[in-house]
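Asker: Got a structure here, written out as structure tokens. Questions coming.
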Amino acid sequence: MLDFPISNIGTLPGLELQIIQDKILLFLFCSIRISAFLISSPIFGAGYVLLPVRILFGMVLTLSVFQHQSDLIEIQTITSAIGVILIIKEIAIGLSAGLILTIWFSAASLAGEKIASTSGLAFAAQVDPNTGASTPVISQILMLFLLVIFLAIDGHLIVLRTMLDSYEYIRIDSIPTLDILLKTGIGAAGSMFLAATIIMLPVSVLLLMVNLSIGVMTRSAPTLNLFSFGFPITLLGTFIFLYFSASSIGFAMSDLVESAIVSMQDMIQPTYTERQSIK
């Protein structure tokens with residue numbers, strides 16, 4: 001039987017639970033910005049990405065910045081009234097960065113809806129797994145085309161790198177002016193309609209010419225049935241125009257992805273000179 005004096009129990013090494021709780025709270029605070037971005041961004045926040053996967057991915061990304069950011073703020077600051085302001089600021093930055101990408105990427109879906117309505121394919125819709133709403137098939141095809149281009153040019157790595165670098169531009173212990181978030185969001189909304197117009201304009205113009213030709217033919221030959229004659233020609237023309245304009249649409253979407261990334265970076269970097277430390 002071991003002879004172990006009871007008086008030595010108090011000297012055994014142990015874990016300080018208060019320190020562990022403080023570290024966990026600091027870690028969760030540092031993960032707010034990245035988690036908000038993953039929820040609102042186009043690919044990482046998609047409905048087909050399971051919530052546990054997003055949580056695990058956010059925790060892994062937070063580990064890369066936690067060591068440097070945890071020393072910038074004290075636990076008393078997080079649990080105070082200023083901490084509430086800092087939490088709102090972190091959520092606003094993450095959501096704004098993700099929503100800017102989402103707004104830009106909505107141009108592909110908007111262009112697909114306009115092409116579908118012009119060609120008569122608006123009824124050919126199915127449930128979009130991202131939004132859960134009924135969306136025309138052409139919109140989903142163009143959106144998938146855009147996502148493939150986004151991944152092909154390593155756009156997902158660039159935006160993740162931008163979010164990690166945002167901790168250097170906008171530290172977790174600072175309260176920057178958030179006017180740039182509103183300006184960038186309004187600018188992205190306007191640019192979305194312009195990008196959608198550029199994508200859909202060639203196909204829409206050609207379909208308009210086809211519809212005008214069908215109208216002239218039915219005017220000169222009233223016995224022709226518009227639905228049995230014009231609708232198949234419009235469908236055939238839509239598929240032919242999309243096939244031959246695939247390269248131009250691809251270049252337009254590549255420019256759209258680059259503009260979206262630049263818009264996101266311009267939103268984060270200018271706030272670096274406007275921040276105000278609270279420590």
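Asker: Note down the relative contact order for segment 16-274 as a percent, whole number, built from C-alpha pairs under 8 angstrom at least six residues apart.
Answerer: That works out to 25 percent.
Asker: From largest to smallest, what semi-axes in whole angstrom does segment 141-234 give when each is the square root of 5 times an eigenvalue of its alpha carbon gyration tensor?
Answerer: 49, 17, 8
Asker: Same structure, new question: What are the ³J(HN,Hα) couplings of segment 31-44, residue after residue, when phi is run through the Karplus curve with 6.51, -1.76, 1.60 and θ = phi - 60°? Round to Hz, x for glycine and proline.
Answerer: 8, 5, 5, 5, 5, 5, 5, 5, 6, 9, 7, x, 8, 5
Asker: I need the shape label for segment 16-274. Rule: rounded when a/c is under 1.5, else prolate if a/b > b/c, else oblate, with a, b, c from the alpha carbon gyration tensor.
Answerer: Prolate, because a/c is 1.5 or more and a/b exceeds b/c.
Since every read-out is calculated from the coordinates, none of them should be taken as a lab result. Every value quoted in this text rests on a predicted model; they were computed, and no experiment measured them.
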